[in-house]
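Quick notes on the structure that follows.
The values are calculated or read from the model by the stated rules, or taken from the named source; none is laboratory data. Since this is a predicted model, take the numbers as computed values, not measurements. In this analysis, Cβ positions are derived from the backbone assuming ideal geometry, glycine residues included, and neighbour counts consider all displayed protein chains.
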Amino acid sequence: MKLIDSIARQSNAIAALRRDIHAHPELCFQELRTADIVAQKLTDWGIPIHRGLGTTGVVGSVKAGTSSRAIGLRADMDALPMQERNTFAHASTVPGKMHACGHDGHTAMLLAAAQYLATHRDFDGTVYLIFQPAEEGGGGAREMIKDGLFDKFTMEAVFGLHNWPGMPTGHFAASAGPVMASSNEFRITIQGKGGHAAMPHNALDPVPVACQLVQAFQTIISRNVKPIDAAVISVTMIHAGEATNVIPNTVELQGTARTFSLAVLDLIEQRMREMTGQLCAAFGMKADFAFKRNYPPTINSAAEAEFCRQVMADIVGADQVQAQEPTMGAEDFSYMLQAKPGCYAFIANGDGDHRAIGHGGGPCMLHNPSYDFNDALLPLGATYWVRLAERWLQTQKQ
């Protein structure tokens, strides 16, 4: 493993910074303390900053040489609204908030890379350091773009990195094409006519209609979507009724639909809407159908994914660079990849053995109250960021 020596020597300081951020988690668009830390560190290292994109976003600009070429590196800063079960020294000090996805580590890795890039500047061009708010459901990437991220900071490509539990420490994964799914929500209200449960003939019972609709949705996956196209429809909430002897007036269904392509998503939304209207009409009822598109699929461009794999192989060896298995989880870096070529890669977080005494009883998985970022990744991730930026600005053509 070819770590940058000066970054490796500062691993304890980087870890202390990461643990401080972990102990003070902030939710989407509320990352004031974290953004202040980021801004102060960058300023201390002589890196000009721009604040306020996407409410709390921070962008640092490291320039060297005379080239107008530029690359963007992105880290997310926000935490999740969940209670941490860990009791080690750096556990969350804020009830109901936790860094359960490793954004504290992502921020620390990019800061470590920023310090090295500012000190050495062994490249010709500009490295934009993008510290993004509100990945966890707030669409912070989209909001930064709306506020002019790519207009104010012209860059050829943009790159992201996320820790991935379950992969052996020291490994990376990157692949071309879809690597994370789109995230979408639906809410359906079936409007029947309530009545006494002992006299259903006097009512229009929406409950059996809802049951049929839940099952019918699965035929969209099995009979409308091509078998080689991955997609998921999950009804996760059914709300109806207040008493055992009363047929309710309405039933509400909520859930999520996920795909790796917008064409498949269009098909699913159309078929769900048709099925809802037609099935309810067959039983003499009406329905309100709402389908909300959240994050689009995260799709890596081929050239950039291969470039990342080469950089990773130079650091850890080709045998420790894996293919990226697509996941139905979603990521708002997808918005950046819609605007610019780039690659969203994984860095292995291990199996949880790194956690100190005092961790919770659950597995060290993302969005789990027993999760903790593996500090052993900090110098490796920072090295990757530095080598990626240096190599890109040395070898890529405009």
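Okay, residues lined up against (1) of a type outside the set (D, E, K, R); (2) closer than 23 Å to Asp375 by Cα:
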{"site": "Ile4", "(1), (2)": "yes, yes"}
{"site": "Arg9", "(1), (2)": "no, yes"}
{"site": "Ile21", "(1), (2)": "yes, yes"}
{"site": "Thr34", "(1), (2)": "yes, yes"}
{"site": "Ile49", "(1), (2)": "yes, no"}
{"site": "Thr56", "(1), (2)": "yes, no"}
{"site": "Ala64", "(1), (2)": "yes, no"}
{"site": "Leu80", "(1), (2)": "yes, yes"}
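When Thr55, Thr66 are checked against the criterion of being over 24 Å from Glu135 (Cα atoms), out of contact with any Cys (no Cβ under 8 Å at 6 or more places or on another chain) and either assigned by TED's automatic domain parsing to the domain that holds Ala114 or at pLDDT below 95 (or both), a single residue qualifies: Thr66.
Whenever a residue of the stretch 362-376 is assigned to a loop (DSSP other than H, G, I, E, B), its partners that are hydroxyl-bearing (Ser, Thr, Tyr), lying with C-beta atoms within less than 7 angstrom and at least six residues away or across chains, give the pairs Gly362/Ser370; Pro363/Ser370; Cys364/Ser370; Cys364/Tyr371; Met365/Tyr371; Asn374/Thr169; Ala376/Thr169.
Report yes if Ala118 is closer than 23 Å to Gln40 by Cα, small (Gly, Ala, Ser), touching a strand residue (DSSP E or B) at 6+ places or on another chain (Cβ under 8 Å) and part of a helix (DSSP H, G or I), otherwise no. Before the answer, list the steps.
Working: closer than 23 Å to Gln40 by Cα: yes; small (Gly, Ala, Ser): yes; touching a strand residue (DSSP E or B) at 6+ places or on another chain (Cβ under 8 Å): yes; part of a helix (DSSP H, G or I): yes.
Against the criterion (closer than 23 Å to Gln40 by Cα, small (Gly, Ala, Ser), touching a strand residue (DSSP E or B) at 6+ places or on another chain (Cβ under 8 Å) and part of a helix (DSSP H, G or I)), Ala118 qualifies.
Per the conditions (1) touching a strand residue (DSSP E or B) at 6+ places or on another chain (Cβ under 8 Å); (2) closer than 30 Å to Gly358 by Cα; (3) surrounded by fewer than 20 Cβ atoms within 10 Å (Cβ to Cβ), the sole criterion not satisfied by Gly177 is (2). Just checking, does the stretch 175-190 include any residue being of a type outside the set (Lys, Arg) and over 30 Å from the mean Cα position of the chain (by Cα)? Checked the stretch 175-190: at least one residue is of a type outside the set (Lys, Arg) and over 30 Å from the mean Cα position of the chain (by Cα). Here Ala313, Ala348, Ala330 are screened, and the one residue that is aliphatic (A, V, I, L, M) and out of contact with any Pro (no Cβ under 9 Å at 6 or more places or on another chain) is Ala313.
Considering Ala113, Ala134, the condition of being within 15 Å of the chain's Cα centre (by Cα), crowded, with 21+ Cβ neighbours inside 10 Å and assigned by TED's automatic domain parsing to the domain that holds Leu337 is satisfied by Ala134 alone. Residue pairs whose Cβ atoms lie under 9 Å apart, sitting 6 or more positions apart in sequence or on different chains, and linking a residue in the stretch 301-325 that is farther than 25 Å from Met155 by Cα and of a type in the set (A, V, I, L, M, F, W, C) to a partner that is modelled with pLDDT under 95 and surrounded by fewer than 22 Cβ atoms within 10 Å (Cβ to Cβ), are Val316/Met1. Here Leu161 fulfils each of the conditions (1) aliphatic (A, V, I, L, M); (2) free of Cβ contacts under 8 Å to residues at least 40 places away in the same chain; (3) assigned by TED's automatic domain parsing to the domain that holds Met109 apart from (2).
Here the condition is being hydroxyl-bearing (Ser, Thr, Tyr), under 20 Å from the mean Cα position of the chain (by Cα) and assigned by TED's automatic domain parsing to the domain that holds Ala39; of Thr107, Thr87, Thr119, it holds for Thr107 alone.
I'd like the full set of residues that are touching a His at 6+ places or on another chain (Cβ under 9 Å) and in a strand (DSSP E or B), limited to the stretch 157-179.
Across the stretch 157-179, the qualifying residues are Gly160, Leu161, His162, Asn163, Trp164.
Tallying residues that are more than 27 Å from the chain's Cα centre (by Cα) and either part of a helix (DSSP H, G or I) or free of Cβ contacts under 8 Å to residues at least 24 places away in the same chain (or both) within the stretch 231-287 yields 14.
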